[in-house]
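Every read-out reported here was derived from the displayed coordinates using simple, explicitly stated rules and does not represent laboratory data. In this text, all values refer to a predicted model and were calculated from it rather than measured experimentally. Here the Cβ positions follow ideal geometry from the backbone for every residue, glycine too, while neighbour counts run over all protein chains shown.
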């Protein structure tokens, strides 16, 4: 089997929760040795707070086992190594600096200034390893009047502007994103930026510092709304399921409880194909639907008519009928339906691993399929401090007596 693309690269991962951790697991999936840094005094918060889905396991678990049960942690830290260090002790910082000297990159999603206060800011790191690459994923970036803002996924989504267009039309209260989209999006940017910097380093011998604002990476997804404001002075509000130029466009009810299908029609040709697929019902020939302007003007009436047809079919029946006619349509899948979808199964969208504490768990697979070096989930998420012996004894070469002393004095802890 061919070596994975990042085999031979070593990354130090200070990432916590989603934003920092996802970037690290992407690199690990591609073959990099990613070393997650934690402390028993302050573990990754994703080790705490698992949901009710594992309540029974928690009730039977020991205190140490409870730190190894959260499936969220396992999703975004798979394939990494894990060390535990007391970063308030200068000796712990000293060990990290020795590890930096043998590494290619460092990742963090701390608030600006945290690494500097530990003596691990970019200026310090480059004195240890001149060609080191440091990637910092902070909420709003390393400089500016809001650089030190405290944020979670929901507040990041609010700050970047995307929340302002979520929700139903004509409602006064904007909607809210209920998942960590900004974190995941910023992490992918972080992994990409790091790879670009490593490519540059390999050509030039120069490392560099990468400052990523999580809110800015998501604002970039609002290109259409931003351009409309810049060119026309229009400020978008909540968009609902409608589209400014496409109709029908939305989710329509189907047979079964809470079953839906998504349909989107853009051109007149697609509209004509939709009408034929529906059997050219009389209403489809009405003058109010004759062109795109008319359909947009009467979108609410049109949506009701489309729903009248879809409600007599299952989502997959609607998809099959419309896709054959060249119309974009797909079922709205909830999570259990998504995991069972034959297309996603065929592409190994989910893989099952056997975690030593949690047991068998599904992990999402690798969505980009490189033909020659496809990547691979390197293993389970690490146990807390699982690789202390390997990192400190084998890589850094600490004598056994020194290791024992550092553990006893809670430096390696």
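Here region 119-192 and region 46-117 have alpha carbon centers that stand 20 Å from each other.
Between residue 178 and residue 88, the simple spin-label model (points 7 angstrom out along Cα→Cβ) gives 3.9 nm. Put a dot 7 Å past the Cα of residue 232, heading toward its Cβ, do the same for residue 341, and the two dots end up 3.1 nm apart. Relative to the dominant Cα principal axis of the chain, helix 181-204 is inclined by about 60°.
Among DSSP beta bridges whose residues both lie in the chain, state the antiparallel percentage, nearest 5. Taking every DSSP beta bridge within the chain, about 45 percent pair in antiparallel fashion. Model label points for residue 285 and residue 239, set 7 angstrom from Cα along the Cα-to-Cβ axis, are 3.5 nm apart. Placing R0 at 35 angstrom, the Cβ-Cβ distance between residue 255 and residue 147 gives a FRET efficiency of 0.10 after rounding to 0.05. When the chain is treated as a GNM with alpha-carbon contacts under 10 Å, the residue of 224, 116, 361 showing the greatest mean-square fluctuation is 224. The ellipsoid that matches the Cα gyration tensor of the chain has semi-axes, each √(5λ) in whole angstrom, of 48, 25, 20, with the longest given first. Neighbour counts of other Cβ atoms within 10 Å put 114, 411 in the fewest-to-most order 114, 411. Stretching the chain fully between residue 369 and residue 221 yields a gain of 50.9 nm (0.36 nm per residue, less the alpha carbon separation).
Taking 0.36 nm per residue of sequence separation and removing the Cα-Cα distance, the residue 40/residue 300 pair yields an extension gain of 87.9 nm. Stretching residue 64 away from residue 383 to a fully extended chain increases their span by 113.9 nm, per 0.36 nm per residue minus the current alpha-carbon distance. Say R0 is 60 Å: what FRET efficiency, to the nearest 0.05, do residue 168 and residue 123 get from their beta-carbon distance? E(calc), rounded to 0.05, equals 0.75.
For the chain, the longest principal axis of the C-alpha atoms and the axis of helix 268-277 are separated by about 80°.
To the nearest ten degrees, helix 19-29 and the longest principal axis of the Cα atoms of the chain are 80 degrees apart.
Ranking of 160, 182, 339, 254 by neighbouring Cβ atoms within 10 Å, starting from the fewest: 339, 254, 160, 182.
Please compute one quarter of the surface area of the Cα convex hull for region 171-298 and express it in square nanometres.
Numbers: hull surface 53.9 nm².
Seen from a random direction, the Cα hull of region 171-298 projects 13.5 nm² on average.
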